[in-house]
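Laboratory data are not the source of any read-out in this text; all were calculated from the coordinates shown. Keep in mind that what you see is a predicted model, and the values were worked out from it rather than measured. Methodologically, a virtual Cβ is constructed for each residue, glycine included, from the backbone with ideal geometry; neighbour enumeration extends over all protein chains shown.
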Amino acid sequence: MIKAYGVKSMIKQRAFLIVLLMFSVSFSFIGSCDDAGNTPLSNPLLSVHTDNENYEKGQNIRIFGNVTNISEDTVLNSDLLITLHKADWMRSITISLPQQGSYEYLYTISYGDPDGLWNITVEFQKDSHTIRSSTNITVLLPEDKIRYNVIWFSPSTGTVFYRGSTIHITVFVTENDIGVTNASTTCIFPSLEQLSLTEIKQGYYEGVYSIPYDSPTGVWALSVESKTGNGSFFYAGGSTIVVQILPVSLSIQVVGAPSDGFLLGAPIELRVSVQYTDGQVIEDAEVTTNISNEIHHLQNRGGGMYSINCTDSIHTEGSQRINFFASDQFGNSGSTPYILSLTKPTMSEFPFIQVISVLGVFSIMVLLLYFIKQRHSLLHKKNILTEIEELEHLRNEAAINYYTKGTITRQTYDLLQKEHAQRLAELKKDTLTKKENRGKIFFTKRKNGRGL
């Protein structure tokens, strides 16, 4: 008796739910309930209609309706989501609502779309609630036009792809098992984006599609239609498969960190780069890490680089495993582990490093001063030699002007020779003095060395 009562109760409950659902659809309105699940929203009303109940492939579906509230005031500036689906096949379109509160959309049925009973749903968001209305249509095969069979070679149904990867599409279009050539063959994606396929040999058509990083995830229905001719000589065919699209895993790399760890007390800055799988940097990622059981946000440095200063977060010697997490605005995410090592410096480590650093700087300064002095000495010597050559040239020129050309007097000649000779003597004396000084310095150093 108890079991019989339970079965009857379940039947009554299911019957009540079915009647309630039929009542809601008959008024073309489904309202979201409040938090208690009792009272549906009653102010917005949404209607959806089509210009026919039955369609053939290749025809257009006119979807239209109105969005109003109980007082008949139009709801402005709302986006509507129109969804057409049958089983796993689905197409979604977002349109803006015109000022008058009515909407309209024209959908062309592809020859690759499935036939049978379709559901058309229109919905929008209102105060965190979903307002939805739906209707059904039937899609039929135009027997006089469907002559081609589209066979999928790749991808196979159920294949899993990740955002950022490519889908290689290959189909074989036949009529009575013979390849159809010169057909207009197109693959249509859930976003209604179309990809023209290229014929590679008789009946075989292929194309490559790159999945955007911001594309929707989940089940994708890919429809391929193939058409030839026009008018009464128009023939077509098509088919659909479904694949799975998943978010891509972001690439996170720790850069610039010392391989032997950080010294306790020294600044600790960790930097990571965040990229997609193809190397494209992510400028606006959300990057975090867990240090000492606390979540820390990394600062965006631009160019796909993010950093964090951990100096105040880690105070104990040793190693700990931390993880970096990153996500972009499209729901793609990734993580990578990192072993953060912190060692205590030895007593001699810091002084030794400081001494080496000071000696290095001092050596560089000494070498720099030496090269500056050497350069100055070489320039001075070069100037002296240049002037000596010029004076010798002037002495010869004076002799030619007096003895050969007769353009100057004896008195002028003697005066020029005297002036040139005096300057030459000064320059040679300067050069000789510098050589003697260098010799004395060298001799003094060697003598002092023997005395020691």
Considering the Cα trace of the stretch 226-293, what is its radius of gyration and what is Dmax, both in angstroms? 25.8, 85
If we restrict to alpha carbons, what Rg and Dmax does the stretch 149-246 come to, in Å? 13.8, 44
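Which number do you get for Rg(Cα) / (2.2 N^0.38 Å) in the stretch 174-296? Intermediate values should be presented prior to the final figure.
Details: Rg = 24.9 Å, N = 123, 2.2 N^0.38 = 13.7 Å.
Cα-based Rg divided by the globular estimate yields 1.82.
Taking R0 as 41 Å, what's the FRET efficiency between Thr83 and Ala266 from their Cβ-Cβ distance, rounded to 0.05? If you can, show how the numbers build up before the last one.
On the way: r = 58 Å, r/R0 = 1.42.
Plugging the Cβ-Cβ distance into 1/(1 + (r/R0)^6) gives 0.10.
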In the stretch 275-348, which GluC sites (Glu not before Pro) fall in coil by DSSP and have 14 or fewer other Cβ atoms within 10 Å? Glu283, Glu317
So how strong a dipole does the stretch 169-285 carry about its Cα centre when Lys and Arg Cβ are +1 and Asp and Glu Cβ are -1, to the nearest 20 debye? 180
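Which of Ser223, Ser47, Ser92 comes first, and how do the rest follow, when ranked by fewest Cβ neighbours within 10 Å? Intermediate results must be reported in sequence, preceding the final value.
Values: Ser223 23, Ser47 17, Ser92 14.
Ascending number of Cβ neighbours within 10 Å: Ser92, Ser47, Ser223.
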Computed label-point distance, nm, for sites Ile372 and Thr217 using a 7 Å Cα→Cβ extension: 6.4
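Between Ile200 and His49, how high is the FRET efficiency from 1/(1 + (r/R0)^6) when r is the Cβ-Cβ distance and R₀ = 45 Å? Nearest 0.05. Can you show the working numbers first?
On the way: r = 44 Å, r/R0 = 0.98.
E between Ile200 and His49, to the nearest 0.05, is 0.55.
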Along the stretch 112-120, Karplus-curve 3J(HN,Hα) (6.51, -1.76, 1.60; θ = phi - 60°) to the nearest Hz, with x for Gly and Pro, reads x, 6, x, 9, x, 7, 10, 10, 10
Where labels lie 7 Å past Cα in the beta-carbon direction, separation of Thr277 and Asn323 in nm: 2.1
If you build the Cα gyration tensor of the stretch 355-394 and take the root of 5 times each eigenvalue, what three semi-axes come out, in whole angstrom, biggest first? 39, 4, 4
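By how many nm would the segment from Tyr105 to Ser154 lengthen if fully extended, with 0.36 nm per residue of separation less the alpha-carbon distance? Before the final figure, lay out each step's value.
Numbers: separation 49, 0.36 × 49 = 17.64 nm, distance 3.23 nm.
Computed gain between Tyr105 and Ser154 is 14.4 nm.
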